[in-house]
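Enquirer: One structure, as structure tokens, below. Some questions next.
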Amino acid sequence: MAMAWCAALARLHDAKLMPGVLIGLGLSVWCFYVLDRFLDPCSGRGQLIEARQDFLLRWQVALIPLIIVGLGILAWLALWIVPQGLMWECLGLAILMLLYLAVIHSGGSQWFHQLLLPLTSLPALFMTHYWPLSPAFQVLAMALMLILLVMNFFSHLRQQMSSVMVKDVMGGMLFALGCNAWTRFSQASGEGLASTLELWLLGCLFIGNLTGLSSREVQGRWLALGLGSVAGVMALCMTQSLPASLWVVAEASGIGLLLMLLLMGKRRSSSAEAYRVWIDLAVLAPALHLWIRA
């Protein structure tokens, strides 16, 4: 799915994909997904995904070496194949991914929340601000880290940090950052507002997808927020204050959000795995629409 969206966005923005970008993105998503699943027992949420967890544990002897090889290939691509600017984007995204894994799988550890998270978040904020990153990446990355720091400061919010909602929100935003990393790099001197709005639309779409199995109420809220954002972006595009390409992204995001909204009725009558397939297709279909409209 990530590779499809990356290719469609590159076609829309006329940013020809260089060798290694799609392979690197696919490997990153796979390694991140497998590591996330392996760490689920640490957070006490392994029972929510028993079937997938059992599969991973059964094949861990083969999967762990594959992860190491995959991470080695990613390091090689970042250091010797992709341009330096994109390498910085990938490094910044890797820091956010590690922060995500640490927060979600900390299991409520006091030493993590009181010591490790504040000590690591502040240098991460500093690096994100001063590294040569695109404006859209800086805005979203710093917003995510600031939200975590604020939630960590208040004890009643700290209890929600490893909840499903936070996991899905962070995961959706990370997915969005990965999908348009190449176009952000290719248009580093372009409109920061347009790129940020594109990231937000994609984030709402992917969060709506990730909340599909965790919480009907949360999914409904994000679908409503996403559709409202689509309407707002389209209204701004009609005033010609935003590039025409953003209209196409809003159009595709709106299609995906509407499809998931319609599929909410199948939630009770379908199995968890069947519903997951349906809402994944609802997010994949807009990428095809984007490719055709580009």
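Enquirer: Have a look at segment 184-261 and give its Rg and Dmax from the Cα atoms, expressed in angstrom.
Expert: Both quantities, over Cα of segment 184-261: 13.0, 40 Å.
Enquirer: Let me ask something else about it. Quick check on packing: order 120-131, 85-96 by the mean number of other C-beta atoms within 10 Å, highest mean leading.
Expert: Answer by packing, highest mean first, reads 85-96, 120-131.
Here, each number is a calculation from the coordinates, and none is a lab measurement. Since the model is a prediction, treat every value here as computed from it, not as a measurement. So basically every Cβ, Gly included, is an ideal-geometry build from the backbone, and we count neighbours across all protein chains shown.
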